[in-house]
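One structure below.
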Amino acid sequence: MIDYVKPLDSLLIKPAGPDCNMACSYCFYYEKASLFPQIKKHRMSEDTLECLIKQALQQSNRQMTFSWQGGEPTLMGLDFYRKATQLQQNYGRGHVIGNGFQTNGILIDNAWAQFLRSYQFLVGLSLDGPRHIHDYYRKMRDGKGSWSKVTDTARLLLDSDVSTNALIVINDYSVNYPAEIYEFHKDLGLAHMQFIPCVETDDHNPGIAAPFSVSSDKLGPFLCRLFDLWLADFSGGIPATSIRFFDSIFYRYVDMLPPECTLLEECGVYVVVEHNGDVYSCDFFVEPDWKLGNIHQDRLIDLLNSPRQQKFGSLKSDLPQECKNCRWLGMCRGGCVKDRLRDPRDNKLNHFCRAYQMFFDYADVHFKRIAREWKIRQGFVSPPPPEQSQGKAKIGRNDPCPCGSGLKFKNCCGRQG
């Protein structure tokens, strides 16, 4: 009998498997079609959909998030998701249910937008930035760019009051344009951004990373510049934009677990369900070694807490000695496991290790100040005492801040502006 440890509170679902109506050069999921050689068109059946939702809601603790991804999930058609939300209502009485939806935006029209708003889907729209950046790798099957249609979709979703985030891949080309990308999304109205650094193995030379992968030496300055832009948009101590990586790191500075699995000590906190009901350990490890079972024969809660999933989760804490000796280990926890494996030259060290070290060296003092200000606003700590002239020396700008943060006064509570 399994001693349940991890609650079943989220699922990542691939209803159309690896199928997509685009041909992005850096896509890592298209090759997963080789796992299902018996069929060319991959679509989740209504029986599998009902089994999935019934299990999820019967085995969860009153809260459940369904994240629909691909490939491209809109290939299922709108009626499929109407059926999904009806099943959620049938089996989820008393539950708090959330739906996330990651899309390239090509098939989204008014009917889709109205549905997504009505059922409060959180949409992640893949949009890499201005036309010359987005179309560099994100092309249609005929080789044409997709930027015009995707930006039109972004405006449609925002005008329809659909909660929409931008999903932005950082590749060898886009890494050169941090300010242009940030300002583009902000001006478009996409104030919530998720930046995803890209590294994949070269299909033609498995001993190196693919040429579209971003290097650590380029990613570090990109993150620092992006951080400056994010910080400059603060008002009254509150950020005007949300960058998921920075938001997640902030959790560490206020002594909370970050919501991003790449920053946790161990992973394996969710599972992936493919179109045919097969269950895998992680989105980036949909491969035979990490197949956990199938929902038509197994229970999701059992697979989530199975020995194989526990083994997968523990891979993250199996770190090289260089990581264990790093002063920033408590922040990044080695990053995503897949980023240690895609370029064999990294010798199991995170491909972006130097970038993260550069970023934390640069941003640490600012995160400490932001965290201190947040704790004061929340009432968790008291503000520093006001300067007093009754026989007490005035605090110097380079003196330790009296609030106890460990920072200089000028970089903490004495910061101007």
*asked:* Could you identify which residue out of F367, F184, F36 has the top mean-square fluctuation in a GNM of the chain using Cα springs shorter than 10 Å?
replied: F36
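Compute the semi-axes of the equivalent ellipsoid of the range 278-331, taking the square root of 5 times each eigenvalue of the Cα gyration tensor, and list them largest first in whole Å.
The equivalent ellipsoid of the range 278-331 has semi-axes of 29, 11, 8 Å.
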_I'd like the accessible area for L35, computed on protein heavy atoms only with a 1.4 Å probe and all protein chains in place. Round to 10 Å², please._
50 Å²
_From the gyration tensor of the Cα coordinates in the chain, what semi-axes in whole Å does the equivalent ellipsoid have, largest first, with each one equal to sqrt(5λ)?_
38, 25, 24
*Considering the dipole of the chain built from charges on the beta carbon (Lys and Arg +1, Asp and Glu -1) around the Cα centre, which of G124, P307, G330 is farthest to its positive end?*
G330
*Given H placed on each backbone N at 1.01 Å, which residues far from F234 in sequence or on other chains put an amide H within less than 5 Å of it?*
A240
*Which listed residue (S146, A191, I108) has the Cα farthest towards the positive end of the charge dipole for the range 84-192, taking +1 on Lys and Arg C-beta and -1 on Asp and Glu C-beta about the Cα centre?*
I108
*Applying the Karplus parametrisation 6.51 cos²θ - 1.76 cosθ + 1.60 with θ = phi - 60° to the phi angles of the range 196-210, what ³J(HN,Hα) value in whole Hz is obtained for each residue in order, glycine and proline being reported as x?*
10, x, 9, 8, 9, 6, 5, 5, 8, 9, x, x, 9, 7, 4
*Which of the lysines could be linked to K375 by a straight reach, that is with a Cα gap under 26 Å, when you skip same-chain ones fewer than 8 residues away?*
K394, K408, K410
_5 angstrom amide H check on G71, placed H, neighbours 5+ away_ = none
*Say we join alpha carbon atoms closer than 10 Å with springs in a Gaussian network model of the chain; which of G207, G100, G379 then has the biggest fluctuation?*
G379
*Taking the dipole about the Cα centre of the chain, with the C-beta of Lys and Arg at +1 and of Asp and Glu at -1, give me whichever of T85, L226, S67 is farthest to the positive side.*
L226
*What does a probe at L257 reach in the range 1-40, counting residues whose amide N is under 14 Å from the point 7 Å along Cα→Cβ?*
5-10
*What size of dipole, in debye to the nearest 20, comes out for the range 98-225 about its Cα centre when the only charges are +1 on Lys and Arg C-beta atoms and -1 on Asp and Glu C-beta atoms?*
180 debye
*With only alpha-carbon atoms counted, please give the Rg and Dmax of the range 106-217, in Å.*
15.3, 48
_Per residue accessible area of the chain, 1.4 Å probe, in Å²_ = 47 Å²
_Note, ³J(HN,Hα) from phi for the range 281-290, Karplus 6.51, -1.76, 1.60, rounded to Hz, x at Gly and Pro_ = 5, 6, 4, 8, 10, 7, 7, x, 5, 10
*Starting from the Cα of Q297, step 7 Å along the direction of its Cβ; do the same at D228; then give the gap between the two resulting points in nm.*
5.7 nm
*Could you give the dipole magnitude of the chain about its Cα centre, charging the beta-carbon of Lys and Arg +1 and that of Asp and Glu -1, in debye to the nearest 20?*
1060 debye
_Inter-label distance for I196 and S314, nm, one decimal - labels placed 7 Å from Cα along Cα-to-Cβ_ = 3.0 nm
*State which entries of K149/K338; K348/K368; K218/K338; K41/K291; K6/K291 exceed 26 angstrom in Cα-Cα distance in the structure shown.*
K149/K338; K348/K368
*How far, in degrees from 0 to 90, does helix 353-378 lean away from the longest principal axis of the Cα atoms of the chain, to the nearest 10?*
70 degrees
*asked:* Under 19 Å from a point placed 7 Å out from the Cα of N325 along the Cα-to-Cβ direction: which residues of the range 357-373 have their backbone N that close?
replied: 357-358, 361
_Only Cα pairs within less than 10 Å get springs; with that Gaussian network setup on the chain, which residue of D247, D255, D128 has the largest fluctuation?_
D255
_Solvent-accessible surface (1.4 angstrom probe) belonging to K348, in square angstrom, nearest 10_ = 140 Å²
*Could you list the residues of the range 99-123 with an amide nitrogen less than 18 Å from a label point located 7 Å from the Cα of K149 in the Cα-to-C-beta direction?*
102-113
*In terms of modelled amide H atoms, which long-range or inter-chain residues lie less than 5 Å from the amide H of I170?*
I196, C198
*asked:* At R0 = 25 Å, how high is the FRET efficiency between A240 and K218 if r is their beta carbon distance? Nearest 0.05 is fine.
replied: 0.40
_If R₀ is 22 angstrom, what is the calculated FRET efficiency for the pair L107 and E46, using the beta carbon separation as r and rounding to 0.05?_
0.60
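Please go through the range 1-42 and write out the trypsin sites (Lys or Arg not before Pro) that DSSP classes as loop and that have at most 13 other C-beta atoms within 10 Å.
Answer in residue order: K40, K41.
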*Please give, to one decimal in nm, the separation of the simple spin-label points placed at R377 and Q86, each 7 Å out from Cα toward the Cβ.*
4.4 nm
*Counting Lys and Arg as +1 and Asp and Glu as -1, each charge on the Cβ, what is the dipole of the range 1-158 about the Cα centre in debye, to the nearest 20?*
160 debye
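The values are calculated or read from the model by the stated rules, or taken from the named source; none is laboratory data. What you see is a predicted model, and the numbers here were worked out from it, not measured in a lab. No Cβ is skipped: glycine too gets one built from the backbone with ideal geometry, and neighbour counts run over all protein chains shown. Surface accessibility is based on the protein's heavy atoms, side chains included, excluding ligands, DNA and RNA. Shrake-Rupley method; radii C 1.70, N 1.55, O 1.52, S 1.80 Å.
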